[in-house]
Amino acid sequence: MVTFVLRRVLFMVPTLWAIATLAFFLVRAAPGGPFQAEKEIPAAVKAQLMHRYGLDQPLHVQYLRFLGSAARLDFGPSYKFPSRQVREIIAGALPVSLELGGWALLLAIAAGVPIGIFAAVRQNRTGDFAAMGVALAGVSIPNFVLGPVLVLALSLTLYLFPPALWEGPQSRVLPVLTLATAYVAYIARLTRAGMLEVLRQDFTRTARAKGLSERTVVLKHALKLGILPVVSFIGPAAARVMMGSIVVESIFSVPGMGRYLVNAAFNRDYTLVLGEVLFYAALLMALNLLVDVAYTWLDPRVELA
Amino acid sequence: MSIGIAPPAHVFEPDPAGPEPDLALAGARPASLWGDAWRRLRRNRAAVAGAAFLAWMSFTAALAPWLPVAHWLGTDELGRDAFARVIYGGRISLLVGMVATFVSLLIGVTWGAVAGYRGGRLDEFMMRVVDILYSLPYIFLVILLLVFFSRSIVMLFVALGLVQWLTMARIVRGQVLSLKQQTFVEAARALGAGDGRIIFRHIVPNTLGPVIVYTTLTVPAVILQEAFLSFLGLGVQPPAASWGTLVSDGARLLALFPWLVIFPGIALSMTLLCFNFLGDGLRDALDPQDRRDVA
């Protein structure tokens, strides 16, 4: 177990290096620099700026410097907001995205798993068809359509929640709902498929044969295995959600990671883009590792290789 | 064969596109795999309805220039007919979906088949590349590509296709790994077929089932991503519009003209829903071992 985790952590290093390299050169290859303004900047000022950020150095020097500072988690100051370090921006945006994503994921699991179990137990009956129809619709409605529709219905018509911003508990409801819907639906589908698979297996029949109630069979015996597909989905889902759904954050003006990433790409804010991307990649890999460990705990048959 | 010429005997030549050897040995009709799949698909009402809607949608999109302008859905803030905008948006959305999926199909199948067939170090390397691209936030890659190569629609095709082929490559590789052990591949090799011929004439046709299923599910994924990029202002540029652009434009005027969000939103969601219905149906029909929902 320990060697497995260690090996995986060690493997993360070359992967992160490859990502850093790819991202670095793609960003540099993009035309237009960070200091391209509507107004022409005097050449001397521009040279000063380039010098300050080390952009006047040859590319390989820039690259090595970038790798060195990235290893220390120091991505330097943002180009667009020179008074703020990239680290500070990420540190400020991450809790917002974490909160938004955490609630959304919690809601997705809390609603999706029971719906999936319900559908599996009533397979091919009306309840199943209704639940799965709604779930398929939930998967199919994009969040940038759902967001405005929810704003229209709950905010502009019924005046229940504020239509935007991130101030006070009331303002959390619409972004979380918008972000969670797709995951509720997806998790419900995964749970149903996983449960159906398990409910057909021999040990389920044994559990029934020894006289356990249907409730115990489903919730105690089958659920632990049936939920595995959901567990393996939570890793990538959490990473995607944690980054903050870019769309949800921009619809509702939520100051999270996703909104900063898009703005940074538009602004060619090199340091901020690179910092965000590396941070995201590391997060994704760490989550996948956690998921693999969680897998062995839920299903002892899985061996870590 | 009414003129009496006997077809060449198939004893020495494995049928490249045919069913798996053990099915053929069981004495089934040669086309039974596809015939069965077709019958199963037709019995799935959701899939048939989805396919019908998609056919109607494609038909309307293709006929767009000849449709009457009657302001059925009203007009937008510049007086443009909202119905025509939705139909023309659909042309672009559907086109992007198809072309980008085709790009991803070409790359993914080739990549996965070569990696799986050659195995060893090359396989290791090629799949590591896929792993790394997987962990790169795709949206970031697409944004960079769109910024770098200008925001043309061709670039959008390529950018979306480039990030979509990864799963396809994994699926095809997995299939190829098991297929290449089978005797019909050995037979082809014994007959002197080269690697390229074996991969593309004998192995790839046998992976068609999963590939078709995944392709059907890739199209809506691409349409969704295009809409997403257009919503952020990175995709299709005005005056052209896709469903994503329309929703984005409409969202800005939500309080005044809610229908400008609702109609393109419905068109987009319905299309995605129907593709998902069709994809689910195809999976159940073509992949009997994986029929979790029906079994």
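Below are the figures for this structure:
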quantity	calculated
20 Å-binned pair-distance histogram of chain A (Cα, whole percent)	27, 48, 22, 3, 0
Ascending count of other beta-carbon atoms within 10 Å, so fewest first, for A:T296, B:T218, A:T3	A:T3, A:T296, B:T218
Whole-Hz ³J(HN,Hα) from phi, Karplus 6.51 cos²θ - 1.76 cosθ + 1.60, for segment A:272-278, glycine and proline x	5, 4, 4, x, 4, 5, 5
Rg [Å, one decimal], Dmax [Å, integer] - segment A:96-140, C-alpha atoms	12.8, 42
Separation of the B:V154 and A:K224 label points, Cα + 7 Å toward Cβ, nm	5.9 nm
Loop-located GluC sites (Glu not before Pro) in segment A:79-181, at most 11 other Cβ atoms within 10 Å (DSSP)	A:E167
Per-peptide average of other Cβ atoms within 10 Å, ordering B:43-56, A:267-280 highest first	A:267-280, B:43-56
Alpha carbon centroid spacing (whole Å) that separates segment B:77-113 from segment A:181-237	37 Å
Chain A - mean residue ellipticity at 222 nm from DSSP helices (-39,500 (n - 2.57) per run, n ≥ 4, rounded to 500)	-23000 deg cm²/dmol
Label-point gap, in nm, between A:T206 and B:L106 - each point 7 angstrom along Cα→Cβ	5.4 nm
Lysine pairs meeting the criterion (Cα under 24 Å, 8 or more apart or interchain), as found in the protein assembly as shown	4
With 5 Å bins from 0: P(r) over segment A:111-196, alpha-carbon pairs, percent	3, 16, 21, 18, 14, 13, 10, 5, 1
Paramagnetic reach from A:L156 in segment B:232-254 [backbone N under 11 Å; point 7 Å along Cα→Cβ]	B:250-254
Difference of contour (0.36 nm per residue) and Cα-Cα distance, A:A44 to A:F266	77.4 nm
Where labels lie 7 Å past Cα in the beta-carbon direction, separation of B:W66 and B:L256 in nm	3.7 nm
Relative compactness, the protein assembly as shown, computed as alpha-carbon Rg over 2.2 N^0.38 Å	1.05
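All of the numbers you see were taken from the coordinates with simple rules; none came from a lab. This structure is a prediction, so every number in the text was calculated from the model and none was measured. Every residue, glycine as well, gets a Cβ built from its backbone with ideal geometry; the counts of neighbours run over all protein chains shown.
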